[in-house]
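Trainee: My questions all concern the structure below.
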Amino acid sequence: MSQQNRAAARPWIGRHWGGLRVRTRLMIAFSVLLGATLAIAIVGWVGLSNTGTALHQFEEQALPDISRSLELAERTANLAAVAPYVANASSPFLLQGESQNLRDRITLVLALAAAIPQLDAAAPKLQTLLRQLERTVNDLIDLTRERLFLREDMRQLEYRLGSLAARYGDDADKAQLVQLAERLLLAAQVSNPAELDLLEQRYASGLAALRTEGGMQEGADELARIGSGEHNLFSLRLKQLEFEQRSAYLLASTRAISEQLSTEVGQFVAHVESRIEQQSRRVGNAIASGKSGILLITLLGVAVALAGILVVRLLVRDLGAVTGLMTRLAGGDTDQQTPAVERHDEIGDLARAFHVFRENAVEITRISQSLREQSRLLETVFNNINDGLSVFDAQGRLLAWNPGYAEILRLPPERLAPGVTLEQIQEMLAEEARDSWALDGMALDREELNTLRRQRVQRFERHFADGRIVEFRSSPLPGGGFVTLYSDLTERKTIEEQLRQSQKMEVLGQLTGGVAHDFNNLLAAIIGNLQLLESRLEPESRAAKNARRALAAAERGGGLTQRLLAFARKQRLQPETIDVDRLIDEMIDLIEYSVGPAIEISLDLNASNWLVNVDPGQLENALLNLAINSASAMPKGGTLRFETDHLSNAGLETGEEAVLIRVQDTGSGISEAHLARVFEPFFTTKEVGQGSGLGLSMVYGFVKQSQGDIRIHSRVGEGTCIEILLPRAPAAATISGTDNKDTELEQGQGQWILVVEDDQPVREMAQEMLESLGYRVEAVGDIDAAFSALTERADFALVFTDINLGTAYNGLNLAQEVSDMLPGLPVLLTSGLPAEQLTSRYGLPAGQYVLAKPYRRETLANAVAATMAMSHPGDSRDRADDKESR
Amino acid sequence: MKSLAVNLLFSSLLALCLPVAAKPLSIGVSVSDLGNPYFERIARAAEQEARLQAGSEVQVQVVSSAYDRQRQTAQIDRFIADGVDLILLSAASFDGLNEPIARAHMAGIYVIAVDVRAQGADVTVTTDNRAAGALACDYLVGKLQGTGRVAIINGPPVSSVLERVNGCRDRFAQSPGIELLSMDQNGGGSFEGGFEKMTHLLTAYPRIDAVFTINDPSALGAERAANEAQRSEFVIASVDGAPQALERLPQPDTLLGATAAQFPSRIARKAIELGLRLIRGETLERDIWLIPPELITADNVGDFKQW
């Protein structure tokens, strides 16, 4: 349970510590440090105070104790040393000094002893001993004084004996007396009581003898007073000896007491020492505990400081990271991670603020980048658009303009500067360009226009001497002033002209297509009937000749219709493998129409048998364009020459072999400066309105699209030669085009052919022509009849149907139905419309063969035979038999 | 008691009125120390002079006080009881004997202070102690030729000693080259004291050029100490002219250079003379009689007679 609590407590602390503000954390760290410091200071203070108190106690008690005990020891030792001086004092005066000295010392020692309170406990006998010593010393002093006095008394006696000897020494009769006196003087020096006693007995006997002799009464009395009276010499001497013994005893006693005192004092000193030792140990313990306390708290403080340093380092690291990132951010580096966002303190706030800053910076950078790009784009556009652009302020002063402005308006760029007024600029313009024209061609008042330009959108034109037309589109600006776009309308006007032209051509083409259908049907009926007619006439009869002439005329009409259709049809590359010589040969009459009668056309075609894969219509168009160009270069007539040839070293990408078409005129030629630009679109040397300028560029585009090449040689006054190289295509079988009148017609063997044709004359002509070719024909006029026929009769070998049947259900639908219902029954399509119109109008599949109306009998024969042959590779009869047997 | 006092007064009057009385003259002498030959000399000279001037039947009692005031007081009272006519007092204390002296005066006894002054004494006879100190130290200064380190071994604080030391110091002070090392070592005026205090000085000062001692016993003790310490770099001068000193002076290994001799005989004779004049009723010219000292060196010791 407690473990769980602890485990729960740790994250709690971590979480709350991590969540604390930096300030709070630092405050906590500093508080702990402050606390530790205070604790150290308190412990140190208390320790020092304790030490100081201990030292003070030491000074108060121990030191005086030491000094007193030492002094006591010294003094007590001295006492014993001084005592002999007292005992041996030679004179009363000296004795007084020494005894006073000794007494002073004892007093001092007593005072010392009294001043040491612990003395009684430590040295209980000391006081007693001191008292005893004092008594002993006093006894000694008294004794010594007595001794000295005794000595003086003895000296007085000796003086008297000396006087006696001096008085009687010269007298021989008194020799006995003097001898006795001298004996007494000797007795004064004796130190043995027994000898003294002997001397006294002798003296007594000598004195008695002296008295008995008489005559020396006075002297004998004196001797008697000295030797045997009160305080006689012998008693004095005996007393002296006693005193000496007593003195020796007292001295020894003093020494003994002294020694005991020394012992006692020694004990006391030892006691003091041990006490001091205890005290010093106590102080040492206190200091040691204080030191360990300080050490402990210091370690705590150091630990806290280290932890604080760690925290601060972490903080500073994170802070440094954030500031580093901010510095880098300030330096423009926005591509960096945001650090320490998960922190919940000030640094976390900083990091989050940094995050916001970075987002903003990134946004600002992105916006400014985008602004720069937009501005660059705008500037590029501004500077590079073909149109001119100018901005004027509300006072009509020029604010900004682009190079096109000066160029289009033919203004001198060096005179344009910000602040130039509208009026000044208008004066710079050419005279004829100062007038403004509305789009509908009305002249406009300049002043009124300048006012209006500031108010609403204005569009107007100005015309320049060189024919250029510049359109002004002026819009007012929100802050006053206006912006104007200047467009050179010259080219646009030209293109608009061309567009109108091509629209006319489009209409013409559609018209032609519509007409051609009906026209072809007419021609088909005419030509077919003429052929049928011709075949029934005598070949050499006049009627046959007339018929043939009519037929030729009808066929020419058919050819013309084809040309018109080809020209009018849309310019779309539909490559076909064609014979260039034949193409030129067939279109030569069209060229003749185009160039007019003043131009002589000569042909030199040598490229037969080499085929090329191009859109024949395009090629015709190109050649026609070249012819028209040449014709315009020869207004007064000349020769236009078409040449073709094989070329084996063409150097084209597709190979070396090519067909060369050369168109040469004898016109004015093209200058060298223009020669390089002739293939550019809209480049023209013609007067405005005379040519589209599209001709050569279209030719160039067609040739390049056909993987060929085009070259131009020209010299002014010598004419122009244009060479077109088209890559040779490999020879391929074709069913189109080639009919040989001389060959035998493919004859039918009585196969049934279903003819579907809504135009009755054509239907009847086709039925008759097919029957003349040996086929059996059932001709119907609409689709329902066709289905009925197909249902009734199962042995049709071919369905020959017009595409346009005048109903929504056309020939192609029929062909599809046939293909579904009766697989293997071939369908031959025919139409008076050109192929591309069939495609666009009826969805004719590409490559689907269509017999073009009007057709000749031979063409029809070939087409029918070929169609049946393609679907019946074997004998057509077999198939018919199969069907019949079925 | 009353009769005794009347008797005393009467006998005094008799003594005044009758200079030559039938009763023999009695003199009490109390000296400080009979162990000192000087005092013995005073005693004997006084006795001789008294016999010489007042007849051989003069009674002279000689006692010694051992410098003890009480003992001396007792001695004076004894003299008074014995009915002496004159007391020669070598006082143990200058002002400690006023009462016994007053009692002596009451008993008609004249008190002559000898050797040292005593308050209340009728007249004082002493050596010119100041001159003696100056004389001895003048000798030392001469020996040192005015430059050197000197010490004084002092004595008991009695007038004679104080005067000698003052005389000596005054002489030293006259010579700027003299450095006084010590003057408070009290040798007590005895041989032992001199020995002890000189030992102190020798220990304290590695080099001493001259020593003045207040008397000959001190000087001899000091010389002995120097011998024991095997120190002989200095010369000693003292005051007294004691026989032992005179013996020592001419000897070749002596450190004792000179002693300003006192003349105890002259002092004693002068004291007896003045005492007798007082007894005769004469009035003395002055209270203090100074006996001039003489300097004795090895050169003139032969000419010097005993005290």
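Trainee: Among what's in segment B:60-70 and is assigned to a loop (DSSP other than H, G, I, E, B) and not acidic (Asp, Glu), pick the residue that is farthest from the other protein chains (Cβ to nearest Cβ).
Mentor: B:Ser65
Per-residue answers, yes or no, for (1) in contact with a Phe, Trp or Tyr (Cβ under 6 Å, 6 or more places away or on another chain); (2) surrounded by 24 or more Cβ atoms within 10 Å (Cβ to Cβ); (3) more than 14 Å from chain A (Cβ to nearest Cβ):
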| position | (1), (2), (3) |
| --- | --- |
| B:Glu57 | no, no, no |
| B:Gln72 | no, yes, no |
| B:Gly83 | no, no, yes |
| B:Ile87 | yes, yes, yes |
| B:Val111 | no, yes, yes |
| B:Val125 | yes, yes, yes |
| B:Ala132 | no, yes, yes |
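Trainee: Moving to a separate point now. Is there a residue in segment A:121-141 that is modelled with pLDDT under 85, buried (at least 20 other Cβ atoms within 10 Å of the Cβ) and within 14 Å of another protein chain (Cβ to nearest Cβ)?
Mentor: no
Trainee: Taking the residues in segment B:154-169 that are free of Cβ contacts under 8 Å to residues at least 40 places away in the same chain and in a helix (DSSP H, G or I) as candidates, determine which candidate is nearest to the other protein chains (Cβ to nearest Cβ).
Mentor: Checked segment B:154-169; the qualifying residue nearest to the other protein chains (Cβ to nearest Cβ) is B:Leu162.
Trainee: If A:Gly162 satisfies every condition in (1) touching a residue at least 24 places away in the same chain (Cβ under 8 Å); (2) within 14 Å of chain B (Cβ to nearest Cβ) but one, which is the exception?
Mentor: Condition (1) is where A:Gly162 drops out.
Trainee: Same structure, new question: Between residues in segment A:765-777 that are farther than 15 Å from A:Tyr855 by Cα and residues that are charged (D, E, K, R), which pairs lie under 7 Å by C-beta distance while being six or more apart or on different chains?
Mentor: Final answer for the pair search is A:Val777/A:Glu771.
Trainee: Could you please let me know if A:Leu70 is away from chain B (no Cβ under 14 Å), farther than 30 Å from B:Asn36 by Cβ and crowded, with 19+ Cβ neighbours inside 10 Å?
Mentor: For A:Leu70, the condition - away from chain B (no Cβ under 14 Å), farther than 30 Å from B:Asn36 by Cβ and crowded, with 19+ Cβ neighbours inside 10 Å - is not met.
Trainee: Looking only at segment B:183-194, decide whether some residue is of a type in the set (Phe, Trp, Tyr) and more than 14 Å from every other protein chain (Cβ to nearest Cβ).
Mentor: no
Trainee: Checking A:Leu251 against (1) surrounded by fewer than 15 Cβ atoms within 10 Å (Cβ to Cβ); (2) under 25 Å from A:Leu148 (Cβ atoms), which test does it fail?
Mentor: (1)
Trainee: Mind listing whichever residues of segment A:352-366 are farther than 14 Å from A:Gly332 by Cβ and either in contact with a Gly (Cβ under 8 Å, 6 or more places away or on another chain) or surrounded by 12 or more Cβ atoms within 10 Å (Cβ to Cβ) (or both)?
Mentor: Selection gives A:Arg352, A:Ala353, A:Phe354, A:His355, A:Glu359.
Trainee: In segment A:435-469, how many are touching a helix residue (DSSP H, G or I) at 6+ places or on another chain (Cβ under 6 Å), surrounded by 12 or more Cβ atoms within 10 Å (Cβ to Cβ) and closer than 22 Å to A:Pro403 by Cβ?
Mentor: 4
Trainee: Let me ask something else. How many residues does segment B:31-50 hold that are polar (S, T, N, Q) and facing another protein chain (nearest Cβ under 7 Å)?
Mentor: Going through segment B:31-50 one residue at a time, the tally reaches 0.
Trainee: Continuing with this model, one more query. Does A:Gln96 satisfy being at pLDDT 80 or above, within 14 Å of chain B (Cβ to nearest Cβ) and part of a helix (DSSP H, G or I)?
Mentor: For A:Gln96, the condition - at pLDDT 80 or above, within 14 Å of chain B (Cβ to nearest Cβ) and part of a helix (DSSP H, G or I) - is not met.
Trainee: Of all residues in segment A:699-727, count the ones that are charged (D, E, K, R) and touching a Leu at 6+ places or on another chain (Cβ under 7 Å).
Mentor: 2
Trainee: Taking only segment A:678-714 into account, find how many residues are modelled with pLDDT under 85, of a type outside the set (A, V, I, L, M) and not in a loop (DSSP other than H, G, I, E, B).
Mentor: 7
Trainee: Another question about this same structure. How about segment B:22-59: which of its residues are in contact with a Ser or Thr (Cβ under 7 Å, 6 or more places away or on another chain) and part of a strand (DSSP E or B)?
Mentor: Across segment B:22-59, the qualifying residues are B:Ser30, B:Val31, B:Gln59.
The values are calculated or read from the model by the stated rules, or taken from the named source; none is laboratory data. Bear in mind the structure is a predicted one, so any value in this text is a computation, not a measurement. Quick reminder, even Gly has a Cβ in these numbers, built from the backbone with ideal geometry, and neighbours come from all protein chains shown.
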